[in-house]
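Input: a single structure, listed below in structure tokens.
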Amino acid sequence: MPVYTSEALILRTYKLGEADRIVVFLTRDRGKKRGVAKGARRARSRYMGALEPMTRAGVAYYEREQRELVRLNYVEPSRSPMAAAGRTAGAEAADSVLGALGHAGYFAELIDEWAPEAHADERLYRLGSSMVDALAAGAPIDRLARYFEYWLLRLQGVYPGIKICAGCGGSLDQGAVMPPREHLFICRGCGPSGSGTPVSAEGMHFLAASASVAPEGLQALPLAASSARQLETAHRRLMNLHLEKELKSARVLREMRHTR
Ligand SMILES: [Zn+2]
């Protein structure tokens, strides 16, 4: 049985039998894998705290011939969004930690949806890994989420142009509209008034800057809550089109916001 070691991102787990878990993880070098973590649900398991979504870890696993499921040997966490919890204190901080953990689940679910099985995607891995660092460092969560969606869709080659109106070729600097039932950006002049998803000038600037800024730079990139909501809606439309469904974690995050 060949043994592989790699750096990986934990995406999700589910129960297997009485005491075990199946772990879905994205390796840097060999793409997405599913592995059995023996005894992971026992009280003093060696996997304790290592299998939260978006934990970055060193993993070792065995591959078995003719089997899709690998056998995990160890998972050594190196960084986790839980680090945000130890760093801060107070009620506002507790809110931001909840936000970070909720979004860790959302990011992990999106990567899981988009990562092909057992096919290495170095750029997707690097994007996910940079999200772990940003979450652990307490990055502004709304901006980070819109940034992540933008890059994920861009890496899949499905993000529409953000510079030039698809209708008249004019600039989108002053804001844009994603028309109903279409998945591209047009200028306000070409947009049917009152319909579609508007994106403010600030939102378009945020997208343009996101193309060249690392997640650490998001702190200095302005994005008002109203602009963030517009981008969230536009991104949800793009993702629903390509995934042909809405993610459970995206719905949960929206409901969390409404109940505050
Ligand atoms: Zn136009």
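Going by Cβ distance under 4.7 Å, what cysteines of the chain have no possible disulfide partner?
CYS168, CYS190
If you rank GLU255, GLU52, GLU149 by fewest surrounding Cβ atoms within 10 Å, what's the result?
Ascending number of Cβ neighbours within 10 Å: GLU255, GLU52, GLU149.
Suppose the chain between VAL158 and GLU216 were pulled fully straight at 0.36 nm per residue; how much longer would it get relative to their current alpha carbon spacing?
18.4 nm
What list do you get for ILE141, ILE111, ILE22, ILE164 if you sort them by fewest beta carbons within 10 Å?
Ascending number of Cβ neighbours within 10 Å: ILE164, ILE22, ILE141, ILE111.
Go ahead and estimate [θ] at 222 nm for the chain from helices alone: -39,500 (n - 2.57) per DSSP H run with n ≥ 4, summed, over the residue count, rounded to 500. Mind showing how you got there, number by number?
Details: 7 runs with 99 residues, N = 260.
It lands at -12500 deg cm²/dmol.
Out of PRO53, LEU152, GLN66, whose Cα points farthest toward the positive end of the dipole of the chain (charges: +1 Lys, Arg; -1 Asp, Glu; placed on Cβ)?
Projecting each Cα onto the dipole axis, the largest value belongs to GLN66.
What are the membrane-span-like helices in the chain by this rule: whole DSSP H runs, Cα extent along the axis at least 27 Å, mean Kyte-Doolittle hydropathy at least -0.5?
Qualifying helices: 91-114.
Give, rounded to the nearest 20 debye, the magnitude of the charge dipole that region 177-260 has about its Cα centre when Lys and Arg contribute +1 at Cβ and Asp and Glu contribute -1 at Cβ. Write out the running numbers ahead of the final one.
On the way: 11 positive and 7 negative charges, 69 e Å.
Magnitude of the dipole: close to 340 debye.
Quote the charge dipole size of the chain about the Cα centre in Debye, to the nearest 20; the model charges only the Cβ of Lys and Arg (+1) and of Asp and Glu (-1).
Magnitude of the dipole: close to 600 debye.
With r defined as the distance between the Cβ atoms of TYR62 and LYS15 and R0 fixed at 22 Å, what FRET efficiency is calculated, to the nearest 0.05?
My answer for the efficiency is 0.55.
Which parts of region 65-83 would a label at VAL252 reach, counting a residue when its backbone N lies under 19 Å from a point 7 Å out along Cα-to-Cβ?
80-83
List the trypsin sites (Lys or Arg not before Pro) within region 166-233 that fall in a DSSP loop (any state other than H, G, I, E or B) and whose Cβ has at most 12 other Cβ atoms within 10 Å.
Details: sites: ARG181, ARG188, ARG229; in loops: ARG181, ARG188.
Counting only loop positions with at most 12 other Cβ atoms within 10 Å, the trypsin sites (Lys or Arg not before Pro) in region 166-233 are ARG181.
Values in this text are rule-based calculations from the coordinates and carry no lab data. On a predicted model such as this, the values are computed, not experimentally measured, just so you know. Counting neighbours? That spans all protein chains shown, and the Cβs are built from the backbone with ideal geometry, glycine included.
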